[in-house]
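Working notes for the structure below.
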Amino acid sequence: MRFEETSLCGAWLIDLAPARDHRGSFARTFCVQAFADHGLRTGFVQHSTSQSVARGTLRGMHFQRAPHSEVKVVRCLKGAIWDVIIDLRPESPTYRRWQGFELTADNQRQLYVPEGFAHGFQTLCGDAQVGYLISAFYAPRAASGVRYDDPAFAIDWPLPLTEISEKDRTWPDFRDPLPAPD
């Protein structure tokens, strides 16, 4: 695996280093030692997948509030997505900045999303599947989000929106600082 720092503090792109031969290829997608060598979280309590049928589907921008904050390692397993993260850590030098990455089944890139970031993606094709390693158990009372079109961030999505959940479409405007969990 090759680790590349992004422009947002603590977020990393991870490129697989497949060994190829006449049968195909083999690559590590996670290694405790490699992650630890880069100071990254190595304990993941959940592995989840999502499937989106329509091109232009948007999921996000999600996060869990402390003390249930989570690290995610995101990878596109089928198709292609535009993956977006927003740094919501007030003490960070990249606070309120966002960055997008094209993750595809072909490029096999993974994105390491630190605690304190909102995460979401838009599908660039139909029938996209995404896998997640997640460091914390889902805590419904800590689940939160920011709106995909919130002017506080002005995210530049690559496609017109075709599908979105009611919950994701109606997150309130961003407030600084974020409210504490109920």
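The values are calculated or read from the model by the stated rules, or taken from the named source; none is laboratory data. Please read these numbers as outputs of a predicted model, since none were measured by experiment. All Cβ positions, even for glycine, are placed from backbone atoms using ideal geometry, and neighbour counts span all protein chains on display.
Candidates ARG169, ARG97: the one that is surrounded by fewer than 16 Cβ atoms within 10 Å (Cβ to Cβ), under 15 Å from the mean Cα position of the chain (by Cα) and not hydroxyl-bearing (Ser, Thr, Tyr) is ARG97. Picking from residues in the range 2-60 that are touching a residue at least 24 places away in the same chain (Cβ under 8 Å) and on the phi > 0 side of the Ramachandran plot, the one that is surrounded by the most Cβ atoms within 10 Å (Cβ to Cβ) is GLY60. Name the residue that is surrounded by the fewest Cβ atoms within 10 Å (Cβ to Cβ), counting only residues in the range 80-94 that are in contact (Cβ under 8 Å) with a residue 24 or more places away in the chain and out of contact with any Leu (no Cβ under 7 Å at 6 or more places or on another chain). Out of the qualifying residues, it is PRO93. Of the residues making up the range 46-78, those that are over 12 Å from the mean Cα position of the chain (by Cα) and closer than 17 Å to LEU161 by Cα are GLN51, SER52, VAL53, ALA54, ARG55, GLY56, THR57, LEU58.
The single condition among (1) closer than 22 Å to ILE14 by Cα; (2) surrounded by fewer than 16 Cβ atoms within 10 Å (Cβ to Cβ); (3) of a type outside the set (A, V, I, L, M, F, W, C) that ASP156 does not satisfy is (1).
Filtering the range 153-182 to residues that are assigned to a loop (DSSP other than H, G, I, E, B), farther than 18 Å from GLN64 by Cβ and modelled with pLDDT of 95 or more leaves PHE153, ALA154, ILE155, ASP156, TRP157, PRO158, LEU159, PRO160, LEU161, THR162, ILE164, THR170.
The number of residues in the range 108-146 being out of contact with any Gly (no Cβ under 8 Å at 6 or more places or on another chain), surrounded by fewer than 20 Cβ atoms within 10 Å (Cβ to Cβ), in contact (Cβ under 8 Å) with a residue 24 or more places away in the chain and not in a strand (DSSP E or B) comes to 9.
Identification of strands (runs of 3 or more DSSP E) wholly contained in the range 1-104 with 1 or more residues that are closer than 27 Å to PHE174 by Cβ and hydroxyl-bearing (Ser, Thr, Tyr) yields 46-52. Filtering the range 65-77 for residues that are acidic (Asp, Glu) and without any contact (Cβ under 8 Å) to a residue 60 or more places away in the chain leaves an empty set.
Just one of (1) of a type in the set (A, V, I, L, M, F, W, C); (2) farther than 25 Å from ALA139 by Cβ; (3) touching a Leu at 6+ places or on another chain (Cβ under 7 Å) fails for VAL73. It is (2).
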